[in-house]
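Before any comments, here is the structure.
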Amino acid sequence: MRRAIVVSLCGAAGILASSGCASAPVPSKQLIQSEAAVKSVEAVDTENSPKARLYLEKARTSLKSARSLIEDGDHEDAHRALEKAEYDARLALAIAKEDQMRAELGRINKEIDALRVRTMEEGIK
């Protein structure tokens, strides 16, 4: 008797687990957030940031995959792909901004050095 109950419970658990994908809601909000994250990176100059471009491409690929999964009705995997797309896009944006800040810092340091040289030359005269 106990064995029959255990087998019934395991069977019911299997049915519930397999129906989980079908009952997951369409990740509409996550899709919007992921698309917005990708667009925010696309609005930033990533030309001088190969690593940012790499993560942007990863985000685009995950977003494309998520759309396909949504069409196939696999909303759980779509949700995971959308999360990955958003994380990759945010990382790409952070890397692009960091690279831009480093470039700006380099320009500022060159200006400071030029001012120091000019100040020293004027002080000698």
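Just so you know, all these numbers are worked out from the coordinates, no wet-lab data involved. Nothing here was measured: the structure is a model prediction, and the numbers come from that model. FYI the Cβ positions are ideal-geometry reconstructions off the backbone, even for glycines, and counts take in every protein chain you see.
So if I take the alpha carbon set of the range 27-124, get Rg, then get Rh from the Kirkwood formula, what is the Rg over Rh ratio?
Details: Rg = 20.5 Å, Rh = 15.2 Å.
Across the range 27-124, the Cα-based Rg/Rh ratio is 1.35.
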Can you sort SER49, SER68 from fewest to most other Cβ atoms within 10 Å of each residue's own Cβ? SER68, SER49
Can you tell me the FRET efficiency between GLU98 and ALA36 if r is taken as the Cβ-Cβ distance and R0 is 30 Å, rounded to the nearest 0.05? 0.90
What FRET efficiency would be calculated for the residue pair GLU83, LYS51, taking the C-beta separation as r and a Förster radius of 22 Å, to the nearest 0.05? 0.60
Cut-off under 20 Å on the C-alpha distance; same-chain residues fewer than 8 positions from LYS39 excluded. Which aspartates and glutamates are left, in chain and number order? GLU47, GLU57, GLU83, GLU86, ASP88, GLU98, ASP99
Label points 7 Å out from Cα along the Cβ direction at ARG107 and ILE124: separation in nm? 2.9 nm
